[in-house]
1. Which value, in debye to the nearest 20, describes the size of the charge dipole of segment 29-132 about its Cα centre when Lys and Arg Cβ atoms bear +1, Asp and Glu Cβ atoms bear -1, and nothing else is charged?
2. Taking every DSSP beta bridge that has both residues in segment 6-123, what percent is antiparallel when rounded to the nearest 5?
3. When the chain is fully extended, how far beyond the present Cα-Cα distance does Val267 get from Glu57, taking 0.36 nm per residue of separation?
4. I'd like the distance separating the alpha-carbon centroids of segment 66-103 and segment 157-223, in whole Å.
5. If I model a spin label as a point 7 Å beyond the Cα along the Cα-Cβ vector, how far apart are those points for Ser125 and Gln240 in nm?
6. Using a Förster distance of 25 angstrom, determine the FRET efficiency expected from the C-beta separation of Lys114 and Asp302, and round it to 0.05.
7. Using a ≥ b ≥ c from the Cα gyration tensor of segment 47-166 (square roots of the eigenvalues), is it rounded, prolate or oblate, where a/c under 1.5 gives rounded and otherwise the larger of a/b and b/c decides, a/b for prolate?
8. For every other residue with a beta carbon closer than 13 angstrom to the beta carbon of Ala121, add +1 if it is Lys or Arg and -1 if Asp or Glu, then tell me the sum.
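None of the figures in this text is laboratory data; all of them are computed from the coordinates on show. From a predicted model like this one, the values you see are computed outputs, not experimental measurements. So basically every Cβ, Gly included, is an ideal-geometry build from the backbone, and we count neighbours across all protein chains shown.
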Amino acid sequence: MFENLKVWMNGKLVPWNNANVHLLSHGFSRASAIFDVFGIHPSPDGPVAFRMDKHLERFFRSAELLGMEIMYDKNQITEAVAECVKANNIKRGLIKILGYYSEEAIISLVLDSKLDVAIFAIPESDEIGLDSAEPISICFSDWRKIHPATVPVEAKACSNYLNGMLARKSAKQRGYDVGIFLTTDGYVAEGSIESLFMVKDGILKTSKLGNILRSITRMTILELAPKIGIETKETDIMPQELLAADEIFLSHTGIKVGPVNRIEDRVLSPVPGEITKKLQQALNDIITFKDERFKDWLQPIDI
Ligand SMILES: Cc1ncc(COP(=O)(O)O)c(C=O)c1O
């Protein structure tokens, strides 16, 4: 499906099927890898990247939180993204940047090497579903969100996604789309790859930082909402509060805002609710250049 694409790997564009590491690489066998993902959107002047500066900041922060160093700096990675977008002629799609130790390791846990970097530019597809979301059903997961005292949850570390995989699997087995993690203290955290928002009495609430990923879409929504007349609150949310919400939606880079139509046995209606719809519309206006106020969020790719 992707074999015609080129991957930027440590300074070279290589065919998709050659973007490989050894099975005993530290990155693979010890899961010592980080990543970040952001959207590419068409504009009259060529493709633009949605908040690439923030995504790259988070990529470097993920490395820092794990005591890792990346082989390239932000400028080099920005140029590499442009090269990759151009080589693959991407107008609309996703960029995935991966930082990983390609060095093989049998016993070693700590390496002196720097993280290798691979960049993938992937065109929009049904799987990606950029900026569109079908209504989502959610349940509470039996698996709890990894505690921040065990690994830094704000790092977008590949290994953290085993936790996410377990929650998604058990939700699917129960007939739901997404399992929502509670923290080990019993508060609502987030989905496997989604932030969570709820509306109650006109106020938009989301779980406070500390136990969740520092999501760029979450940050974007929290910045945008007050500018379109929506009051926001970052707070601890109890499961009972979520069950009684007027509206719920999930968010991430791919879908942006995905309305929830069912939580456990409770059906939510109408979907999307009024505030969810307002946010979807506002975000759509931004990525289609109808709202000038946020044009800095769409960053030209210099190609
Ligand atoms: C655990 C988790 N929460 C939230 C998000 C949403 O983050 P972003 O908006 O930066 O895509 C993701 C994205 O992959 C995630 O993995």
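1. Dipole of segment 29-132, to the nearest 20 debye: 200 debye.
2. 95 percent
3. 71.7 nm
4. For segment 66-103 versus segment 157-223, the Cα centre distance is 26 Å.
5. 4.6 nm
6. 0.50
7. Here segment 47-166 falls in the oblate category.
8. Result for the neighbourhood of Ala121: +3.
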